[in-house]
1. What is the order of Ile65, Ile113, Ile50, fewest Cβ neighbours within 10 Å to most?
2. Roughly what angle does helix 16-27 make with the longest principal axis of the chain, taking Cα atoms, 0 to 90 degrees, to the nearest 10?
3. Students often forget the sequence filter, so: which lysines lie under 25 Å Cα-Cα from Lys30 once same-chain residues fewer than 8 apart are removed?
4. Please report, in cubic angstrom per residue, the volume enclosed by the convex hull of the alpha-carbon atoms of the chain.
5. Under a plain spin-label model, where a point goes 7 Å from the Cα along Cα-to-Cβ, how far apart in nm are Glu58 and Val32?
6. Evaluate the charge dipole of the chain about its Cα centre and quote only its size in Debye, nearest 20, assuming +1 on the Cβ of each Lys and Arg and -1 on the Cβ of each Asp and Glu.
7. For Thr8 and Arg106 in one chain, what is 0.36 nm times their gap in residues minus the Cα-Cα distance, to one decimal in nm?
8. What are the trypsin sites (Lys or Arg not before Pro) within region 11-114 that DSSP puts in a loop, where the Cβ has at most 16 other Cβ atoms within 10 Å?
Amino acid sequence: MVLKRLDTVCLMVKDIERAGCWYEKSLDLKEVFRGNGYRVLAPEAGGVPITLEEGVPESGGSYPIFFVENAEQVHDALKQRGVKTSAVQTDKDNRFFDFWDPDGNRMQVCYYIE
């Protein structure tokens, strides 16, 4: 078995249509595929897409981390869009914060010098 790359990150949501609209408006993701009970949304710049599946959201498990070039700028933009966020934190050279979708799915944004 050879794993080539991470294909997608799957999150469970209560209402697929409502969640899909939130991800498009709040995170600027674009729908790239729609199936029965799920939607795949991807960042315009490429990278790993998110697959939203309709079901019972899980809390406390795995979560995606998005790399950005300016954590404070993205934090401010999400707050302006009404997205629930934690404060920006610093851990040595890493700046990061958590945010949540309307179903309580945790995600994180990080920045570090590459």
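Every number here is computed from the coordinates shown, using simple stated rules; none is lab data. All values reported here derive from a predicted model rather than from experimental measurement. No Cβ is skipped: glycine too gets one built from the backbone with ideal geometry, and neighbour counts run over all protein chains shown.
1. Values: Ile65 11, Ile113 5, Ile50 22.
Neighbour counts put them in this order, fewest first: Ile113, Ile65, Ile50.
2. Roughly 30 degrees between the two axes.
3. By straight Cα distance, Lys30 reaches Lys4, Lys14, Lys79, Lys84.
4. Details: hull volume 15.3 nm³, N = 114.
Here the figure is 134 Å³ per residue.
5. So the two model labels end up 2.3 nm from each other.
6. Numbers: 14 positive and 19 negative charges, 17 e Å.
So the magnitude is around 80 debye.
7. On the way: separation 98, 0.36 × 98 = 35.28 nm, distance 1.59 nm.
Taking Thr8 through Arg106 to full extension adds about 33.7 nm, to one decimal.
8. Values: sites: Lys14, Arg18, Lys25, Lys30, Arg34, Arg39, Lys79, Arg81, Lys84, Lys92, Arg95, Arg106; in loops: Lys14, Arg81, Lys92.
Taking region 11-114 and a limit of 16 other Cβ atoms within 10 Å, the loop trypsin sites (Lys or Arg not before Pro) found are Lys14, Arg81, Lys92.
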